[in-house]
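In what follows, a structure is listed as structure tokens, so that the remarks can point back to it.
The values are calculated or read from the model by the stated rules, or taken from the named source; none is laboratory data. No experiment lies behind these values; they were computed from the predicted model shown. Cβ atoms come from the backbone with ideal geometry, glycine included; neighbour counts cover every protein chain shown. Side chains included, ligands, DNA and RNA excluded: accessible areas come from the protein's heavy atoms. Shrake-Rupley method; radii C 1.70, N 1.55, O 1.52, S 1.80 Å.
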Amino acid sequence: MRIIAYSVSSDELPFFEKYAHELGVAYKVTSKPLNEETMHLAKGCQGVSDFMHGDYTNKLLQQLQDYGIKYLSLRSVGYDGINLDLFKQHHIKLANVPQYSPNAIAEFTIALTLMLLRNLQVILPRVKTQDYARNNMKGRELADLTVGVVGTGHIGARAAKLFAGFGAKVVAYDHQQSGDLTYVDSLEDLYRQADVVSLHVPLTDDNHYMINTQTISQMKDSALLINTARGGLVDSKALLRALTSKKLAGAGLDVYEFFASEIFGEGKENEVIDDPTFLELSSLPNVIITPHIAYNTVTAIANMVKISTQNLLDFDKTGQSTNQVA
């Protein structure tokens with residue numbers, strides 16, 4: 001099977017080489033994103049592997065169909081924002097990688113939380129300048145705090161267990177309750193109890209901007225917000241107001257609502273970022289922003305490439321994949 005992989009990073013290349021050999025596929029790889037300008041690269045291939053996702057327009061999918069592309073597999077979990085009906089109209093089957101490494105994102109969630117609780121985002125730059133003062137550097141301990149986990153799928157459930165391993169009291173909210181976690185009846189209950197609010201839900205029309213001025217008002221003034229899920233869950237302007245007014249104590253953000261097309265993913269050292277909200281958030285001493293790298297571990301990347309490839313092979317062999325979403 002000949003497969004083209006778009007948006008391939010240097011970190012992924014060794015795994016494409018590994019699984020091309022092990023799984024017996026011919027891979028054509030490019031660092032370019034899949035869009036109407038690059039879709040011609042898929043000519044001669046039977047399947048497409050794409051990282052995250054771009055704007056799958058009718059024109060793009062029609063051209064892929066004309067090239068004989070029948071299958072597309074995302075090297076990621078999320079497929080929010082994709083018009084699944086368009087894929088069906090063009091007879092292109094779509095799959096994702098629903099579970100590449102819950103540990104990767106859960107552990108990163110803990111890392112962001114611990115950094116904020118112990119002020120490491122402030123301390124580390126000071127140390128680089130030989131400022132070793134300890135004034136105003138008092139931290140807080142997880143074992144003294146209540147953590148509210150919003151969403152208890154694979155990642156949220158793992159994060160809850162890790163938080164509990166540090167001795168924190170963990171409360172959770174999800175429409176589907178599972179395991180031995182302690183659930184609250186409403187998000188408002190969670191917000192009012194939690195010293196740390198950690199988001200682990202997919203982005204839908206119903207929960208867009210679930211963190212907004214009203215819901216932030218329900219949180220403790222000393223609360224931290226951690227978002228390693230989707231940027232659109234948080235109204236960034238409302239978050240900025242809450243942080244500058246000291247309504248919230250801090251935020252750890254591995255996602256931002258405009259990252260896909262505007263900011264994250266490539267170097268911006270010599271560019272002016274035309275987003276005052278992002279720039280002000282980035283400048284705050286009680287905010288940590290990372291460029292959507294919570295997933296980025298050796299284990300996760302290997303699984304993303306392997307499972308995405310296997311999805312395409314399963315489609316080609318049987319017409320089905322256990323990870324099919326359209």
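Brief remarks follow.
- For the chain, the membrane-span-like helices by this rule, meaning whole DSSP H stretches whose C-alpha atoms cover at least 20 Å of axis and whose Kyte-Doolittle mean is -0.5 or above, are 102-117, 298-318; this says nothing about an actual membrane.
- Fully extending the segment from K18 to A143 would add 40.8 nm, taking 0.36 nm per residue of separation and subtracting the current Cα-Cα distance.
- Placing one equal scatterer on every Cα of the range 50-98 and applying the Debye formula, the log10 ratio I(q)/I(0) at q = 0.15, 0.19 Å⁻¹ is -0.34, -0.55.
- Per residue value of the accessible surface for the chain (all protein chains in place, 1.4 Å probe), Å²: 50
- Charged neighbours of A238, selected by a Cβ distance under 14 Å, balance to 0 (K, R count +1; D, E count -1).
- Karplus-derived 3J(HN,Hα) values for the range 263-271, using 6.51 cos²θ - 1.76 cosθ + 1.60 with θ = phi - 60°, are 10, 6, x, 7, x, 10, 4, 10, 10 Hz; glycine and proline are entered as x.
- Among the listed pairs K28/K59; K88/K317; K138/K161; K138/K237; K161/K317; K18/K169, those with a Cα-Cα distance over 31 Å are K161/K317; K18/K169.
- Within the accessible area of the range 121-255 (1.4 Å probe), percent carbon and sulfur: 48
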